[in-house]
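Colleague: Take a look at this one; I'll ask things after.
The values are calculated or read from the model by the stated rules, or taken from the named source; none is laboratory data. What you see is a predicted model; the values in this text were computed from it and never measured. Here the Cβ positions follow ideal geometry from the backbone for every residue, glycine too, while neighbour counts run over all protein chains shown. Just the protein is used for accessible areas: all its heavy atoms, side chains included, with ligands, DNA and RNA removed. Shrake-Rupley method; radii C 1.70, N 1.55, O 1.52, S 1.80 Å.
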Amino acid sequence: WPTPPDAQLRYNSQNKVTSGQCITSTQMDSVVTGGIGKWRALSYAGTTTARANRRDGINTVGWGNLGGGTLGITNLLSYGNPVLTCGSNSFYTAFELDVRISTAYRWTATGTACPCPAGSAFFLNSVAEHEYGHVTGLCHSSQSSALMYATFGVCQNKSIASDDNAGQNALCY
């Protein structure tokens, strides 16, 4: 991200599926927005009516039908020249990244039961925080216990761990 406060993300709760979930609509919003600040390079900038995955200059977190087994996705919508350096590495300057969370799955969060009375679910906090790791510039980890590992199992809760912090530190944040 070119300048502090680095990346500011906004949240659009439109299209989220609230029926059949293990957490309430309010909890879903709180979990999605609360995970943004867990990464040093990110901050929550409030709500928006902008849609995720639209080139509009707004870093938006939203909901969508992603298809397949995809729980969440981060899209790089525009980039600059490789002007940021960290050691001997050059990186593109990110100008807009949008996150979409799937509407096709049942969600739960830390502090709630899994499975819940509605059935098995995925931990929304883990999936959202994983996608925000991509917004900071992290790729997938090879350590299955890391938040940035490519897959999540049903009722598998993860949080930022040493491998994730090492990746964040390597990005010079």
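Colleague: Quick check on this structure: which one of Gly137, Gly133 is buried (at least 21 other Cβ atoms within 10 Å of the Cβ), under 16 Å from Leu42 (Cα atoms), of a type outside the set (Asp, Glu) and modelled with pLDDT under 90?
Modeller: The conditions single out Gly137.
Colleague: What is the residue count in segment 120-150 for residues that are touching a residue at least 40 places away in the same chain (Cβ under 8 Å) and not in a helix (DSSP H, G or I)?
Modeller: 3
Colleague: Just to be sure I understand, how many residues within segment 1-44 are surrounded by fewer than 21 Cβ atoms within 10 Å (Cβ to Cβ), at pLDDT 95 or above and of a type in the set (A, V, I, L, M, F, W, C)?
Modeller: The qualifying residues number 1.
Colleague: Taking segment 62-96, which residues are of a type in the set (A, V, I, L, M, F, W, C), modelled with pLDDT of 85 or more and in contact with a Gly (Cβ under 9 Å, 6 or more places away or on another chain)?
Modeller: If the condition is that a residue be of a type in the set (A, V, I, L, M, F, W, C), modelled with pLDDT of 85 or more and in contact with a Gly (Cβ under 9 Å, 6 or more places away or on another chain), then Leu66, Ile73 are the ones that fit.
Colleague: I would also like to ask the following. I'd like the full set of residues that are open to solvent by less than 30 Å² (accessible area, probe 1.4 Å) and closer than 19 Å to Glu129 by Cα, limited to segment 49-67.
Modeller: Ala52, Asn59, Thr60, Val61, Gly62, Trp63, Gly64 - these are the residues of segment 49-67 that are open to solvent by less than 30 Å² (accessible area, probe 1.4 Å) and closer than 19 Å to Glu129 by Cα.
Colleague: Let me ask you something else. Of the conditions (1) closer than 13 Å to Ala128 by Cα; (2) at pLDDT 95 or above; (3) more than 15 Å from the chain's Cα centre (by Cα), Ser102 clears all except one; give me its number.
Modeller: Against the list (1) closer than 13 Å to Ala128 by Cα; (2) at pLDDT 95 or above; (3) more than 15 Å from the chain's Cα centre (by Cα), Ser102 comes up short only on (3).
Colleague: Among the residues of segment 151-167 satisfying the criterion of being of a type outside the set (Asp, Glu) and in a helix (DSSP H, G or I), which is most open to solvent (accessible area, probe 1.4 Å)?
Modeller: Applying the filter and picking the extreme gives Ser162.
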